1. Check whether at least one residue in segment 169-181 is out of contact with any Ser or Thr (no Cβ under 7 Å at 6 or more places or on another chain), surrounded by fewer than 20 Cβ atoms within 10 Å (Cβ to Cβ), over 17 Å from I240 (Cα atoms) and in contact (Cβ under 8 Å) with a residue 24 or more places away in the chain, and report yes or no.
2. Conditions: (1) under 19 Å from S146 (Cα atoms); (2) surrounded by fewer than 20 Cβ atoms within 10 Å (Cβ to Cβ). T67 meets all but one. Number of the miss?
3. Hey, among the residues in segment 169-188 that are assigned to a loop (DSSP other than H, G, I, E, B) and more than 27 Å from S146 (Cβ to Cβ), which one's nearest to the chain's Cα centre (by Cα)?
4. So, of the residues in segment 7-38 that are part of a helix (DSSP H, G or I) and in contact with a strand residue (DSSP E or B) (Cβ under 8 Å, 6 or more places away or on another chain), which turns out to be nearest to W93 (Cα to Cα)?
5. Any idea which of (1) basic (K, R); (2) within 22 Å of A120 (Cβ to Cβ); (3) surrounded by 16 or more Cβ atoms within 10 Å (Cβ to Cβ) is the one R28 doesn't satisfy?
6. Kindly evaluate A45 against the criterion of being assigned to a loop (DSSP other than H, G, I, E, B), closer than 16 Å to P30 by Cβ and either of a type in the set (G, A, S) or modelled with pLDDT under 95 (or both).
7. Hey, can you tell me all the residues within segment 146-165 that are crowded, with 18+ Cβ neighbours inside 10 Å and not in a strand (DSSP E or B)?
8. Do we find that A35 is at negative phi and over 16 Å from the mean Cα position of the chain (by Cα) in this structure?
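The values are calculated or read from the model by the stated rules, or taken from the named source; none is laboratory data. Since this is a predicted model, take the numbers as computed values, not measurements. Neighbour counts run over all protein chains shown; Cβ positions are idealised from the backbone, glycine included.
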Amino acid sequence: MTVSEAAARFRRTAARPLVFAHRGASARAPENTLAAFALAMDDGADGVELDVCRCASGEVVVIHDPTLARTTGDPRQVRDVSLVELRRLDAGWGERLPLLDEALDLVLGRGGLVNVEVKADDDDCSLVARRVAATLARRRPRDLASLVVSTFDPRLLLALRGFGVAPPLLFLVADTRQGRFFARTLPPLLRPAGINPEHTLISEARVRAWHARGLLVMAWTVDGAPLVRQLAQTGLDALITNDPLGTLAALRAPSTP
């Protein structure tokens, strides 16, 4: 399967955009845990967005921050802690930090799609990319067909490509001066399969321009019925939301004049 064929699974084909649960159903469950991913699938999400980095023993684990403090209360950096030690920490509700493989097994096993955001905060981009590439290389082709891989870091995107990551690569941008510059200039240079803009960067004109380049457009983080309905009208491919249940309800509700 080519990159363009794999990316087609993430394109909007129905009356509504696809709905991805941001770090799982994180409005109602501890973020980036198996409980949050299972709840997202129960809610009817089309897929989940999750964050990964490498730990000290080399495994790819699911967590957003470079440190463990906010989600587990441990002040150390993830890259300095082995998987054995990580497994002793409580990420909420008694949940443990999952491996990327465990998260993929759960979501893909239930027919969902996954957007894997790769983090390398203050870490070696090449090492992180190598670990992620090795993890994904062990997956079956049908698993890889249900994945995209995204990152904010242009160096990391290039490293992931260099290590032969098979799923489509997406470029993340935030609504900052640098992010707006990157959104205009880097997609033509980096040639990602898609762009993940912060929702404040979305407009019909921009979505048309990105689509004209062949890019997927997946907006983050979209919460609240008015915003959900507004962005759905722009023609973008997917919404990434903390509340997949509420977002799906907003998309089903008739628009008011």
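1. no
2. In the conditions (1) under 19 Å from S146 (Cα atoms); (2) surrounded by fewer than 20 Cβ atoms within 10 Å (Cβ to Cβ), T67 misses (1) alone.
3. This residue is D175.
4. Within segment 7-38, the match that is nearest to W93 (Cα to Cα) is A36.
5. Looking at each condition in turn, R28 falls short on (2).
6. It is false that A45 is assigned to a loop (DSSP other than H, G, I, E, B), closer than 16 Å to P30 by Cβ and either of a type in the set (G, A, S) or modelled with pLDDT under 95 (or both).
7. Across segment 146-165, the qualifying residues are S146, F152, D153, L156, L157, A159, L160, V165.
8. When the stated conditions are applied, A35 passes them.
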